[in-house]
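Student: My questions all concern the structure below.
The values are calculated or read from the model by the stated rules, or taken from the named source; none is laboratory data. For clarity, every value in this text was computed on a predicted model and none was experimentally measured. Every residue, glycine as well, gets a Cβ built from its backbone with ideal geometry; the counts of neighbours run over all protein chains shown.
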Amino acid sequence: MDKTQLLVVVGGLLFSIGLAGIVVRRNALVMLMCMELMLNGVNLTLVSFAQRTATSEGAVLVFLVFVVAGAEIAIAIPILLLLARARKTLDVQAYAELKG
Amino acid sequence: MIETALLYFFAAASVGSAVAMLLARHPMRVALALVTAMLSLAGIYALLGMHAIAVFQVLIYVGAVMVFMVYVIMLIDTRDRAFARFGKFALPGGIGLVALAFVFGYALAGDEAPAARSRDFGVQAFSEAFLNEYWLYFELVSVLLVAAVVAAIAVVKTAGTRRG
C-alpha cells in the first residue's frame, strides 16, 4: 500500500474511533480526550497530504489546529471542573435536563 | 526499508492506542493511551520529514495539553460512578464506528495516487511560509488565544460569585 494512502486510512480510523468514543463513553473527561483524538486524525491527513504535494498550506493549517485545540482545552477543562463540583460526578447522563 | 518498517510500526501503535482509549476504564489510562497515540503521530510526522510539526506535536499536545489533562484527572474523585465504561449508546455507537470505518475504507481503497514528491519541512521553511503568507491567521490566532484566556477567567469568576 502506498505511504500516503496508509496514513490517510490511519487518520480516518483515528477520527472514527474518536467519534465512537464520544458517542459511547460516559465520562465527560474521556469524551474530551476522544475529541483530541479526532483532531489528531485530521492533523495526520493534513500532514500526509502536505507532504505528498510538497506545499506548506497543510502544515500551517495543522499549526492553527494545535492552537485551536489548546484554546478548546483551556475553556473546556474549567467547565468540566465546575460541572464535577456541582453534581459530584463527571457522568454525562447526570446532566440530562434538556432531554424532553 | 527501516523507514517503512518504522512507519508501519508507528501507524499500528497509534491505532492500537486509540482502540485502548476506547476500552480502558480509568481516565488516567485513557490519557496515557492518548499520549502514546500522539507520540506515535509525532514519530510519523518526523518520518515524513515534517520536523517542525513533529516538534510542535510533542511540545504543545503532549507537553501542554495532556499534562493539563493528567492534572485534572488527579484532581477529580477517583471513585466516580462515571468510571462505568460505556453509556447507553454503546451498541449504536459501535455500529456507527463499523459503518464509518467501512465507508472510509471503501472510499480510500484502490485510489491511484499521483507520484510522491517529498521535501523536508523544517522550522525555517515553516516559519517563512507562516510569517510571510499567513501572518493574518497568526494575528487572528493570537486574538483567539486572548479570548480563550478571558473566557476561562470569566467561567471561573462566575462560579465564584454564585458560590459565595
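Student: When segment B:26-44 is examined, which residues are found to be part of a helix (DSSP H, G or I) and over 13 Å from the mean Cα position of the chain (by Cα)? Give the steps one after another, and end with the answer.
Tutor: Restricting attention to segment B:26-44, the residues satisfying the condition of being part of a helix (DSSP H, G or I) are B:27-44.
Hits for segment B:26-44 are B:27, B:28, B:29, B:43, B:44.
Student: Next question, about the same structure. So residue A:68 passes all but one of these: (1) aliphatic (A, V, I, L, M); (2) crowded, with 19+ Cβ neighbours inside 10 Å; (3) under 30 Å from residue B:129 (Cβ atoms). Which condition number does it fail?
Tutor: Against the list (1) aliphatic (A, V, I, L, M); (2) crowded, with 19+ Cβ neighbours inside 10 Å; (3) under 30 Å from residue B:129 (Cβ atoms), residue A:68 comes up short only on (2).
Student: crowded, with 16+ Cβ neighbours inside 10 Å, touching a helix residue (DSSP H, G or I) at 6+ places or on another chain (Cβ under 9 Å) and touching a residue at least 24 places away in the same chain (Cβ under 8 Å), is that true of residue B:39? First the steps, then the outcome.
Tutor: Values: crowded, with 16+ Cβ neighbours inside 10 Å: yes; touching a helix residue (DSSP H, G or I) at 6+ places or on another chain (Cβ under 9 Å): yes; touching a residue at least 24 places away in the same chain (Cβ under 8 Å): no.
No; evaluated as a whole, the condition is false for this residue.
Student: Also, I was wondering about something else. Answer yes or no as to whether residue B:26 is touching a Gly at 6+ places or on another chain (Cβ under 7 Å) and more than 9 Å from chain A (Cβ to nearest Cβ). Outline the logic, then answer.
Tutor: Values: touching a Gly at 6+ places or on another chain (Cβ under 7 Å): no; more than 9 Å from chain A (Cβ to nearest Cβ): yes.
It is false that residue B:26 is touching a Gly at 6+ places or on another chain (Cβ under 7 Å) and more than 9 Å from chain A (Cβ to nearest Cβ).
Student: Going through segment A:34-60 one residue at a time, which ones are among the aliphatic types (A, V, I, L, M), surrounded by fewer than 24 Cβ atoms within 10 Å (Cβ to Cβ) and closer than 25 Å to residue A:78 by Cα?
Tutor: A:35, A:38, A:39 - these are the residues of segment A:34-60 that are among the aliphatic types (A, V, I, L, M), surrounded by fewer than 24 Cβ atoms within 10 Å (Cβ to Cβ) and closer than 25 Å to residue A:78 by Cα.
Student: Let me ask something else. Restricting attention to segment B:47-55, does a residue exist that is under 20 Å from the mean Cα position of the chain (by Cα), at pLDDT below 90, of a type in the set (Gly, Ala, Ser) and in a helix (DSSP H, G or I)?
Tutor: Yes, segment B:47-55 contains a residue that is under 20 Å from the mean Cα position of the chain (by Cα), at pLDDT below 90, of a type in the set (Gly, Ala, Ser) and in a helix (DSSP H, G or I).
Student: Take residue A:61 and decide whether it is at the interface with another protein chain (Cβ under 7 Å from one of its Cβ atoms), closer than 25 Å to residue B:67 by Cβ and assigned to a helix (DSSP H, G or I). Spell out the reasoning first.
Tutor: Numbers: at the interface with another protein chain (Cβ under 7 Å from one of its Cβ atoms): no; closer than 25 Å to residue B:67 by Cβ: yes; assigned to a helix (DSSP H, G or I): yes.
Answer is no for this residue.
Student: Quick test for you: out of A:20, A:54, pick the one residue that is within 7 Å of chain B (Cβ to nearest Cβ), at positive phi and not basic (Lys, Arg).
Tutor: Values: A:20 fails: at positive phi.
When all the criteria are applied, what remains is A:54.
Student: Test each condition in (1) within 24 Å of residue B:4 (Cβ to Cβ); (2) crowded, with 18+ Cβ neighbours inside 10 Å; (3) free of Cβ contacts under 8 Å to residues at least 24 places away in the same chain for residue A:63 and report the one that comes out false.
Tutor: Every listed condition holds for residue A:63 apart from (1).
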